[in-house]
Amino acid sequence: MELAKLVEKNREAMVRTLRGAVRIKSVQEEALPGKPFGQGPARCLAYMLEEAEKMGFRTCNVDNYMGWCEYGEGPEMVAVLGHLDVVPEGDGWTRDPYGGETDGTNVYGRGTMDDKGPTTAALYALKALKDSGVPLKRRIRILFGTNEETGSRDMQHYLEQGGEIPVCGFTPDGEYPVINGEKGIINVTFEREYDQTGPLFLEGIKGGSAFNVVPALASAILRCEPAEGIRLLEKYGEKDPKVRWEVIPEGLKVTAQGVQAHAASPEKGENAIGRLLAALAPLPFDPALHQTLAFLGEKIGLEVHGESLGICLEDPESGKLSLNIGVIQGDAGKMTLKINYRYPVTKSYGDCAPKLDAQFADAGFQKVSEAHKKALYVDPRTDYIQTLLQVYGELTEFAPKTICIGGGTYAKSIPNIVAFGPIFPGDTVREHLPNEYWEIDKMVLNARIYAEALYRLAK
């Protein structure tokens, strides 16, 4: 059996298939009849299923939510979970984001790395297995998702329609070696109403753009008499050099600077909202607002692990809980907070959320929305994890080991799946960025790794 040679034989075909997929703009759009995520994702799904049919695989389109192709026989199924939808192209491109261009070394375009390229590599890995004729005891199914970037409702629909659950498998939508643990992720929105009648008045407060981004800027407008503004500036304006106090016609403008980072690693940044709240907390607002700001400034402020909230959970597998105030919006009568926190892989929602919710309720906040993705953790001694590590160690120069991450991957959408590639240690970050690309040699290497891994998982 020469799986590597069979993969290499199809190098040009693999590039051709990927270029065709990239040329289809598969960004989620308004739903159409029979096309729940719009025209583009449905077109790309049809294209990839057609490519699989040409290779002789059984295929199924599940209501244009997702589809799959399959090879082999047997009562059990091994799965590869890839997705064909992409994020919008954004600005800053010097190439056509949907041109599928190649210079012979790289393929360029939105989705080349995330995740059309790796999904194409998995398809050609399956073709190599089919062409080799090796006997397998398990079926191998490639699941083609179309909604990973905006909610994973594709896989939810698959499961609701009775879709078969694999005994094991992987998604090529993460990084190497093997991501066997992903923290639980909670996005929660709180609101607090208050009255103001005193001489110091919070006119407005704002900062941040999303739950999962540590904000680099936040500001507040305070209404007060000029003399009071000068007094407050003199008393509080020198305490933090990264907080600027300005006298303005309305009274004061307070601006906090931070350092942007991803909420999966908030310790790599500095939260401007937390810094602003800590600066405002001592000010003599009306009691209700003062209580609100004091609670936020003292209980969170610049902390990133929930220490003062009493939810600083930790385990040796994935480290400490992370906490990020991603967005604050407020006016004279109401404040809204969007918070992202991520608990360790061996812990649960019940270990942290009830305690956090109770403290916000005691401070007068109402929880208006919440989204939760459970933690994922697979014991590294599990057979299929060891198989993936073994293949990775044999076919690359890197040390095989499991890793746990603060982010979330597509693996959470289907049971018995972990993230396995396609990003190697030291790779340049290019997913979701302008001029996204993937090296053809690395696409072929991924296909070799996936072919060998699928063979060992299914034999």
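Worth a mention:
- Exactly one residue out of Glu228, Glu267 is in contact (Cβ under 8 Å) with a residue 24 or more places away in the chain, within 18 Å of Leu293 (Cβ to Cβ) and surrounded by fewer than 17 Cβ atoms within 10 Å (Cβ to Cβ), and it is Glu228.
- Single residue of region 262-312 satisfying the filter (among the charged types (D, E, K, R) and assigned to a helix (DSSP H, G or I)) that is nearest to Leu233 (Cα to Cα): Arg275
Yes/no matrix, rows are residues, columns are (1) in a helix (DSSP H, G or I); (2) under 21 Å from the mean Cα position of the chain (by Cα); (3) of a type in the set (A, V, I, L, M):
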| site | (1), (2), (3) |
| --- | --- |
| Thr94 | no, no, no |
| Leu123 | yes, no, yes |
| Lys127 | yes, no, no |
| Lys130 | yes, no, no |
| Val134 | no, no, yes |
| Thr150 | no, yes, no |
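- Close pairs from region 350-368: first among the basic types (Lys, Arg), partner part of a strand (DSSP E or B) and surrounded by 15 or more Cβ atoms within 10 Å (Cβ to Cβ), Cβ under 9 Å, at least 6 apart: Lys367/Val188; Lys367/Thr189; Lys367/Phe190; Lys367/Glu191
- Residue check, Gly208 buried (at least 24 other Cβ atoms within 10 Å of the Cβ) and either basic (Lys, Arg) or closer than 27 Å to Arg342 by Cα (or both): yes
- In region 436-452 there is at least one residue matching the filter, namely being buried (at least 19 other Cβ atoms within 10 Å of the Cβ), touching a Ser or Thr at 6+ places or on another chain (Cβ under 9 Å) and part of a loop (DSSP other than H, G, I, E, B).
- Looking only at region 47-72, residues that are in a strand (DSSP E or B) and either among the small types (Gly, Ala, Ser) or outside the structural domain of Pro166 (by TED's automatic domain parsing) (or both) come to 1 in all.
- Residues in region 237-261 that are buried (at least 21 other Cβ atoms within 10 Å of the Cβ) and part of a loop (DSSP other than H, G, I, E, B): 1 in all.
- Any hit, region 94-107, residues being under 18 Å from Leu49 (Cβ atoms) and not small (Gly, Ala, Ser): no
- Residues in region 386-419 that are over 19 Å from Ala447 (Cβ atoms), part of a helix (DSSP H, G or I) and among the aliphatic types (A, V, I, L, M): Ala411 only.
- Leading residue by the ranking (farthest from Glu70 (Cα to Cα)) among those in region 123-168 that are of a type in the set (Ser, Thr, Tyr), out of contact with any strand residue (DSSP E or B) (no Cβ under 8 Å at 6 or more places or on another chain) and at pLDDT 95 or above: Ser132
- Residue in region 414-435 that is of a type in the set (Lys, Arg) and in contact with a helix residue (DSSP H, G or I) (Cβ under 7 Å, 6 or more places away or on another chain) present: no
- Ala375 aliphatic (A, V, I, L, M), modelled with pLDDT of 95 or more, within 30 Å of Arg456 (Cβ to Cβ) and out of contact with any His (no Cβ under 7 Å at 6 or more places or on another chain): yes
- Contacts under 6 angstrom Cβ, first residue in region 15-35 being in the same structural domain as Asp63 (by TED's automatic domain parsing), partner surrounded by fewer than 15 Cβ atoms within 10 Å (Cβ to Cβ), 6 or more apart: Val27/Pro88; Gln28/Thr150
- All positions within region 177-212 that are farther than 26 Å from Pro36 by Cβ, under 16 Å from the mean Cα position of the chain (by Cα) and part of a loop (DSSP other than H, G, I, E, B): Lys183, Ser209
- Total residues in region 102-122 satisfying the condition of being under 18 Å from Gly56 (Cβ atoms) and either out of contact with any strand residue (DSSP E or B) (no Cβ under 9 Å at 6 or more places or on another chain) or surrounded by fewer than 24 Cβ atoms within 10 Å (Cβ to Cβ) (or both): the figure is 0.
- Test for Val80: is it surrounded by fewer than 22 Cβ atoms within 10 Å (Cβ to Cβ), in contact with a strand residue (DSSP E or B) (Cβ under 8 Å, 6 or more places away or on another chain) and either closer than 30 Å to Tyr384 by Cα or not assigned by TED's automatic domain parsing to the domain that holds Val418 (or both): no
- Check on Gly421, on the phi > 0 side of the Ramachandran plot, in contact with a Phe, Trp or Tyr (Cβ under 9 Å, 6 or more places away or on another chain), buried (at least 22 other Cβ atoms within 10 Å of the Cβ) and at pLDDT 95 or above: yes
- Flag if Thr119 is within 23 Å of the chain's Cα centre (by Cα), in the same structural domain as Asn147 (by TED's automatic domain parsing), of a type in the set (S, T, N, Q) and not in a helix (DSSP H, G or I): no
The values are calculated or read from the model by the stated rules, or taken from the named source; none is laboratory data. Not measured: the values here are computed from a predicted model. Reconstructed Cβ throughout: ideal geometry from the backbone, glycine too, with neighbour counts over all protein chains shown.
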